[in-house]
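To start, the structure under review is shown below, and the notes come after it.
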Amino acid sequence: MQTTQSQIRVTTDKKKLLLDARRDLFSLTLFPTIEKVLESLRLDDEKLRQIMQLLEQEMDAGLSPATHKSADVKMFPTYVRNIADGSETGQVLALDLGGTNFRVLLVTLSPQPRIDLKSKIFVIPQSIMLGPGVNLFRHLA
């Protein structure tokens, strides 16, 4: 049996109608719930300023030796004394520990405006990432 263009068009139209009906039903049933959840996540300028102020206070508490232990946001000084000005040369080792990977980068800064970058990524098993810190640092070593 051979399918005609009109049969294909009718079948396509039926599928489109069915998809439209499903989308409309979804919109009618879930849209108000989604809007309610989203409304609780919206921030006006005043609320955003309050959050920024609280975060800054917590970061200050995390940097202070007197309040570091009880701070919600733990901070550690980086001891960076100067900002790069582009005249730096030599090699820099950068270590980046993320949620699942440990990245090691060797950056070579040349006198010309050229940077050579070599990197290697090591996957950290979830059991080590979620376990005691001593196990993580043993794994990294």
Taking the Cα centre of the chain as origin, work out the dipole magnitude from +1 charges on Lys and Arg Cβ and -1 charges on Asp and Glu Cβ, in debye rounded to 20. 820 debye
Here are several values of mean projected area of the Cα convex hull in nm²: [x] 7.3; [y] 20.6; [z] 10.3. Which one was derived from the coordinates shown? [y]
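Leaving ligands, DNA and RNA out of it, rank HIS68, HIS139 by accessible area with a 1.4 Å probe, largest first. Can you show the working numbers first?
Numbers: HIS68 40, HIS139 85 Å².
From most exposed to least exposed: HIS139, HIS68.
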Among GLY90, GLY131, MET59, the residue whose Cα sits farthest towards the positive end of the charge dipole of the chain (+1 at Cβ of Lys and Arg, -1 at Cβ of Asp and Glu, taken about the Cα centre) is GLY131
In the structure shown, of LYS74/LYS120; LYS36/LYS74; LYS69/LYS120, the pairs separated by more than 31 angstrom at the C-alpha atoms are LYS36/LYS74; LYS69/LYS120
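Can you sort PHE102, PHE122, PHE31 by solvent-accessible area, 1.4 Å probe, largest first? Please list the in-between numbers first.
Numbers: PHE102 30, PHE122 90, PHE31 120 Å².
Largest accessible area first, the list is PHE31, PHE122, PHE102.
Can you compute the helix-only [θ] at 222 nm over the chain? Use -39500 (n - 2.57) per DSSP H run of at least 4 residues, normalise by all residues, nearest 500 deg cm²/dmol. Before the final figure, lay out each step's value.
Numbers: 4 runs with 69 residues, N = 141.
Calculated mean residue ellipticity at 222 nm is -16500 deg cm²/dmol.
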If I model a spin label at LYS118 and GLU88 as a point 7 Å from the Cα along the Cα→Cβ vector, what separation in nanometres do I get? 1.9 nm
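The values are calculated or read from the model by the stated rules, or taken from the named source; none is laboratory data. Just so it is clear, the model here is predicted, and its values are computed rather than measured. Quick reminder, even Gly has a Cβ in these numbers, built from the backbone with ideal geometry, and neighbours come from all protein chains shown. Ligands, DNA and RNA are excluded from the accessible area calculation, which covers all protein heavy atoms including side chains. Shrake-Rupley method; radii C 1.70, N 1.55, O 1.52, S 1.80 Å.
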